[in-house]
Structure formats: C-alpha cells, structure tokens
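All of the numbers you see were taken from the coordinates with simple rules; none came from a lab. Being a predicted model, the structure only gives us computed values, none of them experimental. Glycine also receives a Cβ, built like all others from the backbone with ideal geometry; neighbour counts cover every protein chain displayed.
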Amino acid sequence: MIDGVAGGPLGGEIKAVLSGFSAGIIVGSELDTPADFGSLSAIGSGLGSAGFIVVDTTRSMVRVAQDVARFLYVESCNQCPACKHGLRIASHTLDEMFDPKQSHVHSVDLALFGARSAPQANRCYLPVQASVLISSLVHKFKPEFDDQLSNPSLKAEPFSTPLIADFDEQNHRFVYDDTIALKNPDWTYSVSTTIEEHVLMWRHIDFRHEIDKLESSEFWKSEDRTAKTLVKEGNFRVVLTLMKAGAVLKEDKAEGNVSIQVLNGRIRINVDHNAIELEQGEMIIVNPGVRHSAEALDASAFVIFISTSGSTHQ
C-alpha cells in the first residue's frame, strides 16, 4: 500500500506507521501485514478509516507521542472530565521530557497513567485512542523513551500532525492544516510572532478564472452543484459555489456572519420566513444563528463569505 498507492517513502527507511491516531503503532518489521481489520488487529493495531501516517528513521518516537498526546488533548471536547484531565497530564508530562528542569524519572509512567485514565464513562472513542496509541508507542519504542529520560536536553525535531484541511482537485494534492499547532485546548487559537510575519497582507482572486476551472471539472458535469474554498484563514472563509438551475442548498444555521454575493445568474435565499431573489451584483448578509437556504433559479455562481467568532487567529 505504501509503495504501490502512496508512491513509497520520500527518503530514508520506514520506522513506523500510524493508523491515524486510533490504534496501536505498526513497526517496520510488521509492514508485510495485510491491510485488513483482522490482520492489523492481530498485531495490536487496526485499519481505522484506512488513513496511514508513515514515519521514517530520522524521527523521534518520543516526539511522535508528544504530538499525539497534545493533538488528542486539544481536540478533547471536555464533556468528559476524565478525558480532558488525563490527556492534560499525558501531554504536559511528555512536553516536560524535553526540559531538563522538569523531566523526572517517573515521567513516562506519569504520561502512561494520564493516557490510560482518560477513558472513563467516555461518550466517544477519543480517550481510548490516546490510551491505546500512547501505550503502544512506549511499549514498542521503550529504549527511545529511556534515552530521552537519561538526557532530557536532547532536542529532536518536533513532529507535527498531518491534519488534512482540504483537497486541491486541480493539482490532486491534499492541503494540510498549518494552524493546528496554534490551536489551544479551549479551541481558541494563538498567533505566534513568527507566523504573523508570514501571513499574506493581501490576496487577489480571479473569480472568472475560478468559475472556469470548476465548470471544466468532471464533477460539475454529473452534479447539480459544486463549490471550492478559495480562502481559509483562521475564522474567515471565502467559498465559491456553482449551481445549476433548480439545485438547492439545504437549510443551514450560520455559525457566524455570512454574506452571499451573486456573480452571475439568479438565486433565491430563504431566510427568516422570507424568500429573497438575488441577481448579479446583489448581496445578502445573514447574522449568526439565522437559518437560511438557497435555490438556483438560473445557472448561477455566487461567493459566500463566512466570518466566525471564537478564534484569535488572523
């Protein structure tokens, strides 16, 4: 699968494979295991949703465990206190293993305690993921954890979760979420000075060009509507949508301010028990929490601007 479907490793040898963050780690000697539920379960892993992360020999597995713990701690919704509390312990303890002033002889045991105590009366599988995967990482790569404990000043390259944010249909490539490292456990975002320096101060969008690309896609030929996210920056989105006459966007509830501007054609917006027809050059603004739906009266293209609250990332 790694060689035939994904094209093989970019360089170096394969050290381990993660089946997402939902099952035990697969080590290099287990790569000939058939990719089915039973076979992967037999080696202490799992198929999950068949999404795999390949790690090469240059990576520190302690760093991988650190990132896994942080990701699951951040994504924990806090409805189950044991989950958030246990993953906080695991995440903070693994962070401390890279600080000579905070690392201690019981760091690995404490991280395992945190991960294993997370699944208690849990409503979802997330805390079980942490318990299984972090335990598996420690078990199969114990010498690396021991080395890190012996020398906490070792500064291996951090590992970053390859979280898929979108798919670029034109170039057939996945787009990864580069803001995940900025997400806080309370689901707000922090902006570092380094990242602020690289944020674009402006962006040019050629809507005619984007419309032409969507209209030439195979998907558009067989479906009555299509869309593409043109901008995704923190709490701001710009989505280009094409609809054939008669196509409908089902009722949705705005999580933030939503503006809809018609580029061509004619659409009807149903909002607050009113039916409002919009033509080229017209716009409607919908406040947060208001339910609305859309119907194309003619073949239409329109752009949706979405600005949600609760994020400090610009």
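Lysines within cross-link reach of K155: Cα-Cα under 26 Å, excluding same-chain residues under 8 positions apart?
Reachable lysines: K15, K101, K140, K142, K183.
(i) 1.00; (ii) 1.13; (iii) 1.20: which one is Cα Rg over 2.2 N^0.38 Å as calculated from this entry?
(iii)
Working from Cα positions, state the angle (0 to 90°, nearest 10) between the long axis of helix 107-117 and the longest principal axis of the chain.
50 degrees
With only Lys, Arg, Asp and Glu charged, each at its Cβ (+1 for the first two, -1 for the last two), find how big the charge dipole of the chain is about the Cα centre; round to the nearest 20 debye.
680 debye
May I ask you to derive the relative contact order of the chain, considering only C-alpha pairs under 8 Å and at least 6 residues apart, and to give it as an integer percent?
13 percent
What number, rounded to the nearest 500 deg cm²/dmol, is the helix-based mean residue ellipticity at 222 nm of the chain, given -39500 (n - 2.57) per DSSP H run of at least four residues and division by all its residues?
-8500 deg cm²/dmol
Run down the aspartates and glutamates and flag those whose C-alpha is under 12 Å from the C-alpha of K84, throwing out any fewer than 8 positions away in its chain.
Partners found: E75, D186.
So what are the ³J(HN,Hα) numbers for the range 125-140, from phi and the Karplus equation (6.51, -1.76, 1.60; θ = phi - 60°), rounded to whole Hz, Gly and Pro as x?
Karplus values, whole Hz, x for Gly and Pro: 8, 3, x, 5, 4, 4, 4, 6, 6, 5, 4, 5, 4, 5, 5, 8.
Quote the relative contact order of the range 36-147 in percent (integer), defining contacts as alpha-carbon pairs under 8 Å separated by 6+ residues.
It rounds to 25 percent for the range 36-147.
Take each of the peptides 226-234, 246-254, 1-9, average the number of other beta-carbon atoms within 10 Å over its residues, and list them starting from the highest.
For the peptides 226-234, 246-254, 1-9, the packing ranking is 226-234, 246-254, 1-9.
Could you let me know the centre-to-centre spacing of the range 149-174 and the range 232-252, using Cα atoms, in angstrom?
If we compute the Cα centre of each part, the gap is 29 Å.
For D56, enumerate residues with amide H under 5 Å from its amide H, sequence gap 5+ or separate chain, H modeled in the peptide plane.
Amide H to amide H, under 5 Å and 5 or more residues apart or across chains, D56 pairs with K15.
Roughly how far apart, in whole Å, are the Cα centres of the range 120-141 and the range 26-56?
16 Å
Rounded to the nearest 0.05, what FRET efficiency do I53 and E279 have when you use their Cβ-Cβ distance and R0 = 45 Å?
Here the calculated transfer efficiency is 0.40.
Sorted by mean Cβ packing within 10 Å, highest first, what order do the peptides 96-102, 219-225, 40-46 take?
40-46, 96-102, 219-225
How do 110-117, 278-285 rank on mean C-beta neighbours within 10 Å, highest first?
Listed from highest to lowest mean packing, they are 110-117, 278-285.
Using a Cα-Cα cut-off of under 20 Å, which lysines could be cross-linked to K253, ignoring same-chain neighbours fewer than 8 residues away?
K228, K232
Would you please give the residues with an amide H less than 5 Å from that of V175, counting only those at least 5 places away or on a separate chain, with H modeled from the backbone geometry?
A165, D166, F167, D168
So what J values fall out for the range 296-306 if you push phi through Karplus, 6.51 cos²θ - 1.76 cosθ + 1.60 with θ = phi - 60°, rounded to Hz, Gly and Pro as x?
Calculated HN-Hα couplings, in order: 7, 7, 10, 4, 9, 10, 8, 10, 10, 9, 10 Hz.
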